[in-house]
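Peer 1: First the structure, then my questions, so here it is.
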Amino acid sequence: MVRSCRWRWRSLLNRIKSWARLLKRDILALWIAARDPRTPLLAKIIAGTVAAYALSPIDLIPDFIPLFGYLDDLLIVPLGIALAIRLIPAALMSEFRYNAARITERPVSKWAALVIGLLWLLAVTVAGLWLTGGLR
């Protein structure tokens, strides 16, 4: 019984991870579509808006608001993605998805991310010291 439950949870977790990867790929594909001249104008506007909103750290409804905080992440973004995908011709969308998948397959440098993170931390520290008068 315990093994069966574990297997179901792992299966569900794997399906969620797969869905999240596809969602990430589609958001990147929409960003590519918004900048491509072959994309129809309405689809370009919606795709660009949805991709920018999905990639932005600023939410329409802040996440700390109970129940409604994740409403935009769970409803608005997927519905916007679905609408944008419907407005883009299928052949173009498959090309954009292919390009997005190629981009996400590129190697990621963890050292570069660490250096950039440390640079941001240094910049925030210096700005904080400067604002508080600690840097004279």
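Rule-based calculations on the coordinates, nothing more; no lab input. The shown structure was predicted, so the numbers you read here are calculated from the model rather than taken from an experiment. So basically every Cβ, Gly included, is an ideal-geometry build from the backbone, and we count neighbours across all protein chains shown.
Peer 1: What number goes with the only condition from (1) part of a helix (DSSP H, G or I); (2) among the small types (Gly, Ala, Ser); (3) more than 28 Å from Glu105 (Cα to Cα) that Gly69 does not pass?
Peer 2: Result: Gly69 fails condition (1) only.
Peer 1: Right, something else. Every residue in the range 31-47 that is part of a loop (DSSP other than H, G, I, E, B), of a type outside the set (Ser, Thr, Tyr) and under 15 Å from Ala90 (Cβ atoms), please.
Peer 2: Passing the criteria: Asp36, Arg38, Pro40.
Peer 1: Can you report the number of residues in the range 72-117 which are surrounded by 12 or more Cβ atoms within 10 Å (Cβ to Cβ) and of a type in the set (Lys, Arg)?
Peer 2: Total meeting the criteria: 1.
Peer 1: Further, regarding this structure: Out of the residues in the range 1-53 that are of a type in the set (Gly, Ala, Ser) and in contact with a helix residue (DSSP H, G or I) (Cβ under 7 Å, 6 or more places away or on another chain), state the one that is farthest from Thr104 (Cα to Cα).
Peer 2: Here the answer is Ala43.
Peer 1: Would you check which residues across the range 50-102 are without any contact (Cβ under 8 Å) to a residue 12 or more places away in the chain and among the acidic types (Asp, Glu) and list them?
Peer 2: Asp63, Glu95
Peer 1: Yes or no: the range 91-100 includes at least one residue that is outside any loop (DSSP other than H, G, I, E, B), closer than 21 Å to Leu23 by Cβ, basic (Lys, Arg) and within 19 Å of the chain's Cα centre (by Cα). Before you say what the answer is, go through the steps one by one.
Peer 2: Narrowing the range 91-100 to residues outside any loop (DSSP other than H, G, I, E, B): 91-100.
Those still in the list that are closer than 21 Å to Leu23 by Cβ too: 92-100.
Next, only the ones that are basic (Lys, Arg) stay: 97.
Now narrow it down to the ones that are within 19 Å of the chain's Cα centre (by Cα): 97.
Taking every residue of the range 91-100 in turn, at least one turns out to be outside any loop (DSSP other than H, G, I, E, B), closer than 21 Å to Leu23 by Cβ, basic (Lys, Arg) and within 19 Å of the chain's Cα centre (by Cα).
Peer 1: Would it be correct to say that Pro40 is surrounded by fewer than 17 Cβ atoms within 10 Å (Cβ to Cβ), closer than 17 Å to Ala100 by Cβ and not aliphatic (A, V, I, L, M)?
Peer 2: Values: surrounded by fewer than 17 Cβ atoms within 10 Å (Cβ to Cβ): yes; closer than 17 Å to Ala100 by Cβ: no; not aliphatic (A, V, I, L, M): yes.
No, not satisfied.
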